[in-house]
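Below is one structure, written out as structure tokens; the observations come after it.
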Amino acid sequence: MPICQHLAQAQDPAPRTPQGCEECLATGDRWVHLRKCLSCGHVGCCDSSPNKHATAHATVIGHPVIASFEPGEDWRWCYVDKIIG
């Protein structure tokens, strides 16, 4: 299995918006699932959501790792190495 330094070094910051997607809450949009950035705690909507804010955040800001922010899910994804952990 490939080793991903981004996943190995990821932190677990507090969510910046524990109740939903940061951008969708500001605009009144809806989301499907939530993802949390493990660099800064940004909470964004998943790629199944119309706005794909989690991926947009990773692309613009450059933070490499997200985690599911859904109850009962325990996985992380590295955008750089395209590896789930």
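The values are calculated or read from the model by the stated rules, or taken from the named source; none is laboratory data. Since the model is a prediction, treat every value here as computed from it, not as a measurement. Neighbour counts are summed over all protein chains in view; Cβ atoms, including those assigned to glycine, are modelled from backbone coordinates with ideal geometry.
Among what's in region 1-48 and is farther than 15 Å from residue 77 by Cβ and hydroxyl-bearing (Ser, Thr, Tyr), pick the residue that is modelled with the lowest pLDDT. It comes out as 17. Please tell me if residue 13 is of a type outside the set (A, V, I, L, M), out of contact with any Ser or Thr (no Cβ under 6 Å at 6 or more places or on another chain), buried (at least 19 other Cβ atoms within 10 Å of the Cβ) and under 23 Å from residue 3 (Cα atoms). When the stated conditions are applied, residue 13 does not pass them.
Here region 21-33 is the region considered, the condition is being within 12 Å of the chain's Cα centre (by Cα) and of a type outside the set (D, E, K, R), and the residue that is surrounded by the fewest Cβ atoms within 10 Å (Cβ to Cβ) is 33.
Considering every residue within region 32-50, establish whether at least one is over 21 Å from residue 82 (Cβ atoms) and among the basic types (Lys, Arg). No.
Counting only strands (runs of 3 or more DSSP E) that fall entirely inside region 34-85 and contain at least 3 residues that are in contact with a His (Cβ under 9 Å, 6 or more places away or on another chain) and crowded, with 23+ Cβ neighbours inside 10 Å, the qualifying elements are 34-37, 43-45.
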